[in-house]
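Notes follow once the structure below has been shown.
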Amino acid sequence: MITVFGSINMDLIATTARLPKPGETVAGNGFATAAGGKGANQALAARRAGRTVRMAGAVGKDEFAAPALALLDDAGTDLATVKRVEGPTGTALILVGGDGENMIAVVPGANGTINAADADAAIAAMDASDILMLQLEVPAPAVERALEAARKKGVRTVLNLAPLIADAARLGRLADIVIANETEFELLAGQENMTAGDREAALQRLHGETGQTLIVTLGADGVIAIRDGQLVRAKGLKIEPVDTVGAGDTFCGYLAASLDEGLDFEAALRRAAVAGSLACLKAGAQPSIPLSAEVANKL
């Protein structure tokens, strides 16, 4: 079973021919709303990958709460540990350019109320054979408490170092498996403007220091990871992206689901990379997450 401890948002999505520069206004050509939040996205991805998933998080008492949980509920996700608090549900304001790239501003709302007690409650409901998945859209002290409590209980932890916050590198040291994009990994490694060779050397160095499984997503170039002293690479699919918003979260959810299912690491990495590619072919974070059968057809 997978417990996802993280954020739940409503995404407000505007599409434009190109992304604006600082201080610039551009004309939009579309608008939509969709359920989102890195925690909820990853929970839905793991559920669509076929695993039993519990979501631990918070929504507000507003008009966004029900639609923010709708797809998770429809998929059969356990929502018993999602609390309802006064105030707004978290929101993400998203701009998507004509090339599929995006810019995102996140307003925490109810996500900002997540605390150590919520972390304790989430871990208390878990077994040692479970997987805990976390991101950094809820307060860092709660994430730290969850990681520490999980370690004491022997629960495997997967931490996605997104969004990039000041505590990301420190918190990254507390997880069993760390997933980062290129920019996030540079923070973790303490080195900017990495070449491919620099990245491999940093992976080997950090893995030697911590023994952690480290995974770096590289967009169209796939993914590179290190586990048990071995560098592993996987490719996604060659695609023309429509919207990259949900790709990283889809990768994370499918990876956790594949490991929970018992796939070997290389197969899990490939499956997650393919799922992330497919998520780029539709608009919206959660609507774009593929079903397990769709991913299987591309492996």
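All of the numbers you see were taken from the coordinates with simple rules; none came from a lab. Bear in mind the structure is a predicted one, so any value in this text is a computation, not a measurement. Reconstructed Cβ throughout: ideal geometry from the backbone, glycine too, with neighbour counts over all protein chains shown.
Using only the alpha carbons of the range 169-213, determine the length spanned along each of the three principal axes and report them from longest to shortest in whole angstroms.
26, 18, 14
Note down the relative contact order for the chain as a percent, whole number, built from C-alpha pairs under 8 angstrom at least six residues apart. Let's see the in-between values first.
Details: 719 pairs, mean separation 55.2, N = 299.
Relative CO of the chain lands at 18 percent.
Which FRET efficiency value, to the nearest 0.05, is calculated for Q204 and E86 with the Förster distance at 51 angstrom and r the Cβ-Cβ distance? Before the final figure, lay out the partial values.
Working: r = 48 Å, r/R0 = 0.95.
So, using R0 = 51 Å, E works out to roughly 0.60.
State whether the range 63-182 is rounded, prolate or oblate according to the following rule on the C-alpha gyration tensor (a ≥ b ≥ c being the square roots of its eigenvalues): a/c under 1.5 gives rounded; otherwise a/b larger than b/c gives prolate, and the remaining case gives oblate. Could you put the intermediate results ahead of the total?
Working: a/c = 1.70, a/b = 1.22, b/c = 1.39.
Oblate is the answer for the range 63-182, as a/c is 1.5 or above yet b/c matches or exceeds a/b.
Take every DSSP beta bridge with both residues inside the chain and express the antiparallel ones as a percent of the total, to the nearest 5.
On the way: 23 of 56 bridges.
The antiparallel fraction comes to roughly 40 percent.
Which of the peptides 128-139, 67-78 is most tightly packed, and how do the rest follow, going by the mean number of other Cβ atoms within 10 Å of each residue?
Working: 128-139: 22.8, 67-78: 18.2.
The peptides rank, most packed first, as 128-139, 67-78.
With an 8 Å Cα cut-off and a minimum separation of 6 or more residues, compute the relative contact order for the range 51-199 in percent.
Once normalised by length, the contact order is 16 percent.
Only one of the listed values, (i) 60, 46, 34; (ii) 56, 40, 37; (iii) 49, 41, 39, was derived from the coordinates as Cα extents along the principal axes in Å; which label is it?
The value matching this structure is (iii).
Label-point separation (nm) for D228 and F31, each offset 7 Å from Cα along Cα-to-Cβ?
5.3
Place the peptides 118-126, 225-233 in order of packing, highest mean first, counting for every residue the other Cβ atoms within 10 Å and averaging per peptide.
Details: 118-126: 19.1, 225-233: 14.9.
Final packing ranking: 118-126, 225-233.
Mark the label point 7 Å from the Cα of A125 along Cα→Cβ and return the residues of the range 34-48 whose backbone N is within less than 15 Å of it.
It comes to 40, 43-44, nothing else.
Give me the lysines in straight-line cross-link reach of K298: C-alpha distance below 20 Å, same-chain residues under 8 apart excluded.
Reachable lysines: K235, K238, K282.
Below 8 Å between Cα atoms, with a sequence gap of 6+, how large is the relative contact order for the range 118-210 in percent? Numbers along the way, then the final one.
Details: 110 pairs, mean separation 21.5, N = 93.
Computed over the range 118-210, the figure is 23 percent.
Given points 7 Å out from each Cα along the Cα-Cβ axis, report the A70 to L19 separation in nanometres with one decimal.
2.8
Would you please put 107-115, 18-26 in order of how densely packed they are, using the mean number of other Cβ atoms within 10 angstrom per residue and starting with the highest?
Values: 107-115: 21.4, 18-26: 9.3.
Top to bottom by mean Cβ count within 10 Å: 107-115, 18-26.
Report the extension gain between A267 and K235 in nm, rounded to one decimal, defined as 0.36 nm multiplied by the number of residues separating them, less their alpha carbon distance. Intermediate results must be reported in sequence, preceding the final value.
Working: separation 32, 0.36 × 32 = 11.52 nm, distance 1.11 nm.
Length difference between fully extended and current span is 10.4 nm.
Using the crude model of +1 on Lys and Arg Cβ and -1 on Asp and Glu Cβ, and no other charge, please compute the dipole size for the range 25-78 relative to its Cα centre, in debye to 20. Walk me through the numbers on the way to the answer.
Numbers: 6 positive and 5 negative charges, 58 e Å.
Magnitude of the dipole: close to 280 debye.
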